[in-house]
Amino acid sequence: KEEEGVGISAGAHLAGVKSAMLLQNHGLLASTNGIVSLAQLYRIPLLMLISYRGGFGEEHPWQTEGGGVTEPVLEALRIPYERLEAPEHVLPRMRKAQTLADASLRPVALLLCRDLMWEDEAC
């Protein structure tokens, strides 16, 4: 489960290994306890790559609720985030996100928008 990914990433950090956690926006909601009680409390850098679903153009109703609260949840948890909307955004923004996570010893999120993953719809 996604919350276990927080623990795995924390263990990697303690072993001196960088990691990134890939999850859907519903997975972010499911892992908030681990993010707050482990990564934030113990100052663990956590790079999260979050599939950002549920916005304009979303065809699947089960994605809309989680997608509608992803950014407000990140803001409420004081997790800096940025959108990845095009392939040319990926490498520079991932480097900057990892740098921020390492420097601040906090979780950082990158939202993987539909335009990055599919050609037909916008984030």
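The values are calculated or read from the model by the stated rules, or taken from the named source; none is laboratory data. It should be emphasised that the depicted structure is a prediction, and the values quoted were computed from it without experimental measurement. Here Cβ is always computed from backbone atoms with ideal geometry, including for glycine, and neighbour counts include all displayed protein chains. Each accessible area value is taken on the protein alone, full model and side chains, heavy atoms only, with ligands, DNA and RNA left out. Shrake-Rupley method; radii C 1.70, N 1.55, O 1.52, S 1.80 Å.
Below are the figures for this structure:
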item: Top-ranked residue of segment 33-77 - restricted to ones that are among the polar types (S, T, N, Q) and either in contact with a Leu (Cβ under 9 Å, 6 or more places away or on another chain) or modelled with pLDDT under 95 (or both), ranked as most open to solvent (accessible area, probe 1.4 Å); result: 64
item: Residue list for segment 66-94, filter: under 22 Å from residue 107 (Cβ atoms) and among the acidic types (Asp, Glu); result: 71, 75, 82, 85
item: Residues of segment 14-25 classified as buried (at least 20 other Cβ atoms within 10 Å of the Cβ) and assigned to a helix (DSSP H, G or I), total; result: 1
item: Condition broken by residue 114, with the remaining ones in (1) within 24 Å of residue 4 (Cα to Cα); (2) among the charged types (D, E, K, R); (3) buried (at least 18 other Cβ atoms within 10 Å of the Cβ) satisfied; result: (1)
item: Odd one out for residue 102 among (1) under 20 Å from residue 7 (Cα atoms); (2) assigned to a helix (DSSP H, G or I); (3) open to solvent by 70 Å² or more (accessible area, probe 1.4 Å); result: (3)
item: Segment 29-62: number of residues that are assigned to a helix (DSSP H, G or I), polar (S, T, N, Q) and under 16 Å from the mean Cα position of the chain (by Cα); result: 3
